[in-house]
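The values are calculated or read from the model by the stated rules, or taken from the named source; none is laboratory data. Only a predicted model underlies this, so the values are computations on that prediction, with no experimental measurement involved. Positions of Cβ are generated from backbone atoms using ideal geometry, with glycine treated the same way; all protein chains shown enter the neighbour counts.
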Amino acid sequence: MSRRLGLVIVAFAVAAAIGAPAVAPHGITDHFGLLLNAPPTLPRLVDDQGSLHAPFIYPWRRLSQLEQRYEEDRSVRIPLAWFSGGHLVRSSNETAAPLLLLGADSFGRDVFARLAFGARLSLGLAITAALGAMLLGAIFGTIAGYYGGTLDDLLMRTTDFVMVLPAMYVALALRSVLPLVLTATQVFGLLAAIFAVVGAPFIARGVRAIVRSEKQLEYAAAAQALGASDLRLLARHLLPAARGFLAVQMTLLVPAFIVAEATLSYVGLGFPDQLASWGTMLHDASTNIRVFADFPWLLSPAAAMFLVVLGLNLVLQDSRSPADTRRGANASLLG
Amino acid sequence: MTRYLVRRIAFALFLVVAVSSASLVLARLAPGDYVTESLGAQAPRETIERERARFGLDKSIGAQYRAWLAAAVRLDFGSSMQYGRPVRDLIPERAANTAVLAVTALLVATFIGLPLGVVTGSRPDSLFAHAIRSVSLVLLSMPPLLTSLFLVFVAARTGWFPIAGMRSPGAPPEGALVDLLRHLVLPTMALGAPLAAMLERLQSQAMSEVVGEPFVMATLARGVPRARVVWRDALKAALRPIAAVYGLIVGTLLSGSFAVEVISAWPGLGTLMLGALRTRDVYLVAGCAGAGALFLAFGTLVSDIALAFVDPRASDTSHEQAAGA
């Protein structure tokens, strides 16, 4: 039951990311100068007289430009327009009363649209980095577990060393070595590489343990006796044994990397500000001192992050084996 | 035991030297230096040259590193360019702030997480266990970055506790401790809550495994009261995997403390290092990294000793290798 709920949450986030141009009523840079920090517009079915209508919204009327306070203008109903102009849903009068499902930020940009587009960067980066970490971890883990000896010792010592280091500081130090201003693509590649390196040791340890114990089993000996090459034995027989472990670690690495991106962007060492990622959105919000008291919708990236991580944790529930935890090979410890 | 300690201390020294050296070299390799970052590119050439020479930035990386290392052996870690103070004076104050935060959070997490884990692990089907498990799952999905944002939000709305900083300006000195404790609430909860949830889950898993073991059944059969079996015999056995995890938690704690420090403006090592990295204050970067490494080495040492305490088998070499490094 809860597992299914988790899958639904994650599927929603991924769908929003992929379908962002259609799901979001606006682009990430469209701004409404008269609606700075405007609250969310609520789609309604029932008007003030109590009669039922097709979904509609009330436009915001600005009460105070200085204090950025708004009030719903109950005299006009603006019906929603479905499937118009390539968008799933938007207001039928975009210039006067845009549909702002999660309000507007300090530049008057649609927070919901930025959240959906931000999911592309945030989730995309986390998934890319997690795949990179698995690849690196699987390669080094198999080498260490299969060949053993000095190479194994050396590799495991190195992973031990990287694992005790606080991941956030390693990422921070590596990131700050490079120029502060980089293009979005460079930042994406760079962060994915850094995260992959920091996450790989956790994978490598687990894979090594699995390969080591599997290669002693009869089927591995049989394959070897039949003349299978090392590479074939590893790729066809031993690595598949680690599939379950890798799947679990993937669901642990992705949330860790989502949060890592957010932290780095929050302190200004992640994506450039004009782009929308969940971290840069939080960074924008943090520069607004009234965000906590008056404009809480600016914190919706934090809520989105929580939901996605919760979804992944629900999917994962009980499938994490205690034996992995004991070995210390568990990416949930990746801080 | 003495040999073991000597080896651990040697490793700690290696960790501190390696980490601070690496960060000095890395920070030096970064484009731009403190002088260009602080004076801007328009500054006259002579000024830039003079300032560079003053900070030792005109030397090659190798020469600068050797000079720094030679001084560091005499416990002189250079001067911070930003603050104009010796790194040696600057670090302890900030490191102590981080230590206060991290240690309080760890204690809170341990005293909440472990007992709850024992309860949920020994009676997994009770209503209480289900409730705790759900809360843990929610908290596990809120890393320190999110918990601190959430708590700052709550504090800003309700005014229950201060939202930022470590001390109120102009607070009377006699109420200083109370003031500090009030400021400590938010960052400690932000850092401790996810950790408590993690410890609860781990302890619960370990406990449910141990409860199924024959020795527990045998003790129960001999008529020892259940509570005593659970809280004394089974708990002692179940602490082993937890103690092994504590060595890795130190790193998690430092990482989490970084996010909390940044969001709640806690004047700790994390915010100091961030500022140093941004301004390319290389000696301060190296100092901060070294202090962090010291924390780490100390934390893993303490957790190894704790592990040896709950599991005597751990002091033999094979285990030491697995838990150590």
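Return the pair list, or none, for Cβ contacts closer than 6 Å from residues in the range A:255-284 that are more than 10 Å from chain B (Cβ to nearest Cβ) and on the phi < 0 side of the Ramachandran plot to residues that are among the aliphatic types (A, V, I, L, M) and not in a helix (DSSP H, G or I), at least 6 apart or on different chains.
Correct list of pairs: A:276/A:28.
How many residues, within the range B:99-138, are part of a helix (DSSP H, G or I) and farther than 23 Å from residue B:181 by Cα?
From the range B:99-138, those part of a helix (DSSP H, G or I) are B:99-122, B:127-138; that's our starting set.
Adding the requirement that they be farther than 23 Å from residue B:181 by Cα leaves B:114-122, B:127-138.
Looking only at that region, the number is 21.
Here is a yes/no grid of residues against (1) more than 33 Å from the chain's Cα centre (by Cα); (2) outside any strand (DSSP E or B); (3) among the charged types (D, E, K, R):
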{"residue": "A:13", "(1), (2), (3)": "no, yes, no"}
{"residue": "A:26", "(1), (2), (3)": "no, yes, no"}
{"residue": "A:35", "(1), (2), (3)": "no, yes, no"}
{"residue": "A:38", "(1), (2), (3)": "no, yes, no"}
{"residue": "A:42", "(1), (2), (3)": "no, yes, no"}
{"residue": "A:48", "(1), (2), (3)": "yes, yes, yes"}
{"residue": "A:61", "(1), (2), (3)": "yes, no, yes"}
{"residue": "A:75", "(1), (2), (3)": "yes, yes, no"}
{"residue": "A:83", "(1), (2), (3)": "no, no, no"}
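Output the qualifying pairs, or none if there are none: Cβ atoms under 7 angstrom, residues six or more apart or on different chains, first residue in the range B:130-151 and touching a residue at least 12 places away in the same chain (Cβ under 8 Å), second residue of a type in the set (Ser, Thr, Tyr) and not in a helix (DSSP H, G or I).
Close Cβ pairs (under 7 Å, with a partner that is of a type in the set (Ser, Thr, Tyr) and not in a helix (DSSP H, G or I)) amount to B:148/B:264.
Please determine whether any residue of the range A:202-216 is away from chain B (no Cβ under 13 Å), surrounded by 20 or more Cβ atoms within 10 Å (Cβ to Cβ), within 26 Å of residue A:278 (Cβ to Cβ) and within 27 Å of the chain's Cα centre (by Cα).
Yes.
Within 10 Å of chain A (Cβ to nearest Cβ) and in a helix (DSSP H, G or I): is that true of residue B:149 in this structure? Step through it out loud before you land on a result.
Working: within 10 Å of chain A (Cβ to nearest Cβ): yes; in a helix (DSSP H, G or I): yes.
The answer is yes for residue B:149.
Being surrounded by 14 or more Cβ atoms within 10 Å (Cβ to Cβ), more than 10 Å from chain A (Cβ to nearest Cβ) and assigned to a helix (DSSP H, G or I) is the filter here, so list the residues in the range B:12-43 that pass it. Even if it seems obvious, please write down each step before you answer.
Step one: of the range B:12-43, the residues surrounded by 14 or more Cβ atoms within 10 Å (Cβ to Cβ) are B:12, B:15-28, B:30, B:33-38.
If we keep only those that are more than 10 Å from chain A (Cβ to nearest Cβ) too, we end up with B:12, B:16-17, B:20-21, B:24, B:33-36, B:38.
The answer is B:12, B:16, B:17, B:20, B:21, B:24, B:34, B:35, B:36, B:38.
What residue, of B:156, B:105, is touching a residue at least 12 places away in the same chain (Cβ under 8 Å) and either within 14 Å of chain A (Cβ to nearest Cβ) or surrounded by fewer than 17 Cβ atoms within 10 Å (Cβ to Cβ) (or both)? Walk me through how you get there before you give the answer.
On the way: B:156 fails: touching a residue at least 12 places away in the same chain (Cβ under 8 Å).
Among B:156, B:105, only B:105 is touching a residue at least 12 places away in the same chain (Cβ under 8 Å) and either within 14 Å of chain A (Cβ to nearest Cβ) or surrounded by fewer than 17 Cβ atoms within 10 Å (Cβ to Cβ) (or both).
Rundown of residues vs (1) more than 10 Å from every other protein chain (Cβ to nearest Cβ); (2) over 30 Å from residue A:269 (Cα atoms); (3) crowded, with 18+ Cβ neighbours inside 10 Å; (4) at pLDDT 85 or above, yes/no style:
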position: B:202; (1), (2), (3), (4): no, yes, yes, yes
position: B:214; (1), (2), (3), (4): yes, yes, no, yes
position: B:218; (1), (2), (3), (4): yes, yes, no, yes
position: B:237; (1), (2), (3), (4): yes, yes, yes, no
position: B:248; (1), (2), (3), (4): no, no, yes, no
position: B:270; (1), (2), (3), (4): no, no, yes, yes
position: B:276; (1), (2), (3), (4): no, no, yes, yes
position: B:290; (1), (2), (3), (4): yes, no, yes, yes
